[in-house]
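Since the structure comes first, as structure tokens, the remarks are kept for the end.
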Amino acid sequence: MKRTELKEKDKLKMKDTILSSLEPESKEYRINDGENLHFVVNPTGNKRWELRYRKPNGIPSWFGLGKYPNVGGKWARQKADEARKLISQGIDPRVHKAEAKQAEVEKGSFTFNQLAEDYYTIKKWTAETRARNIGALNNHVFPVMGKRDYRKITKQEWLSLFKEIQGKLNPRTGKPIIEMGQRVRALVREIYDYAEVLGKIESNPISNLHKILDKHVGNSMKHVDSDELPSLLRAINHYPTTDTRIALKLLTMLFCRPSELREAAWDEFDLNAEVWLIPAIRMKTKKEHKVPLPKQAVELLQELKQLTGYSSFLLPNRNDKTKARSNTVFIMALRRIGYGDKQNPHGFRHIASTILNDKFSDKPQVVEACLAHSKKGVKAVYDKATHFDERRIMMQWYADHLDKLADETVIQFQSA
């Protein structure tokens, strides 16, 4: 989003969706978030928070509150309030921060905040994963545990916090965020694992808490049954927006993980050789995956390239062509055609697995290779085959099968 597109009503207490979308300009600019708290966007794209204030001697100054997205909007406003309290007492927040930092250096920094920062600086997360994990810590953990000595926080205190998180309601659905509590627990456990390996703690206080917390019942594999699949395929064929329709058809036909298609770049495809080479960094298995493309997929990709070939991404973001489409693109599309409660984007993998295992019951290893599942146990040691030629035949059969199911003429003839 360009600064000129920002509406006046959105400038105060800006949402993180707006903050993350603001585009850089040739010169650094600031947006007043309210009460002299400014959001600063650098020409390089870096973003940070600064509070405008007057020192005890009356000289105006700026106080840095942290970089975005490490410090989100909610946390920045909280930190600004803390700084204003110091200012009202005649204390310069910059001096106070420097003194506090020196005191921590002298006694050793044992805050959970610092431990977490040390941990995620060594993690090779994707930008999206980094923003999501740091955002979860900022929203749910740091306000309560951030300044605590991580060595002294008890297992019972962590359990209480995780249960509190699970009890919060999702503002959109009105349901408890059970999964968020478990996700934050897993992240905090990893941070303590890091501390344990370095000898900073003797044991991990998060161990076994997953057994007590509520379990999240996932719906990532939610899918229609075989009788309703033809109707879903026809609904997708009639989706009004061309690029999204093509993307849905590719997701259905190639049954890859939704993120693998959503983040796909044009340079991963060789349409002449009819191959899609997904780099290891984008694979769940962390191994390069070579996908044989059926002829229908090649035709769809050629059509899509006429629409989005100007970008490096198959599905560029509507507001920023240098980024991939939002992770809600498939969810929202299925919702618009009336299948939001019946079909999840990831569920196309389950459908394909069921159909292919039924048709090719004698070749389960080829089906698993099509799904890019990791081999486990002894089989993983000895079976290094990718079954590429067999997968090409299987993928073409599956694309042809879906075409037959979606053929309205055939369906109507059979029901006549």
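The values are calculated or read from the model by the stated rules, or taken from the named source; none is laboratory data. Not measured: the values here are computed from a predicted model. Methodologically, a virtual Cβ is constructed for each residue, glycine included, from the backbone with ideal geometry; neighbour enumeration extends over all protein chains shown. Note: accessible area is taken over every heavy atom of the protein model, side chains too, but ligands, DNA and RNA are not part of it. Shrake-Rupley method; radii C 1.70, N 1.55, O 1.52, S 1.80 Å.
Rounded to the nearest 10 degrees, the angle from helix 73-88 to the longest Cα principal axis of the chain is 0 degrees. The trypsin sites (Lys or Arg not before Pro) found in the stretch 225-327 that occupy coil by DSSP, while having at most 13 further C-beta atoms within 10 Å, are 284, 286, 287, 318, 321. The candidates 266, 276, arranged from most to least accessible area with a 1.4 Å probe in the full protein assembly, appear as 266, 276. On the basis of the beta-carbon distance and an R0 of 60 Å, residue 307 and residue 111 show a calculated FRET efficiency of 0.75. Taking 0.36 nm per residue of separation and subtracting the Cα-Cα distance, full extension of the segment from residue 408 to residue 124 would add 97.5 nm. The region of the chain that goes longest without hitting one of the GluC sites (Glu not before Pro) in a DSSP loop, each with at most 16 other Cβ atoms within 10 Å, is 36-201. At a Förster distance of 30 Å, what's the computed FRET efficiency of residue 207 paired with residue 20, Cβ-Cβ distance as r, to 0.05? Efficiency computed from Cβ-Cβ geometry: 0.30.
Counting 0.36 nm for each residue step from residue 164 to residue 273 and taking away their Cα separation leaves a gain of 33.9 nm. Working note: Debye formula, equal point scatterers on the alpha-carbon atoms of the chain, no solvent; log10 I(q)/I(0) at q = 0.07, 0.10 Å⁻¹ is -0.46, -0.89.
Taking chymotrypsin sites (Phe, Trp or Tyr not before Pro) across the stretch 120-162, the ones in a DSSP loop with at most 13 further Cβ atoms lying within 10 angstrom of their Cβ are 125.
Counting only residues at least eight positions apart within a chain, or on another chain, the aspartates and glutamates with an alpha carbon under 19 Å from that of residue 323 are 5, 16, 23, 25, 128, 243, 260, 263, 267, 268. Checking the cross-link pairs 15/124; 11/79; 27/147; 47/200; 74/155; 152/175 against a 29 Å limit on the alpha carbon distance flags 27/147; 47/200; 152/175 as lying beyond it.
Couplings 3J(HN,Hα) of the stretch 281-297, computed from phi: 4, 9, 9, 4, 7, 6, 10, 4, 10, 9, 9, x, 9, x, 4, 5, 5 Hz, in residue order, whole Hz [Karplus 6.51 cos²θ - 1.76 cosθ + 1.60, θ = phi - 60°; x for Gly and Pro].
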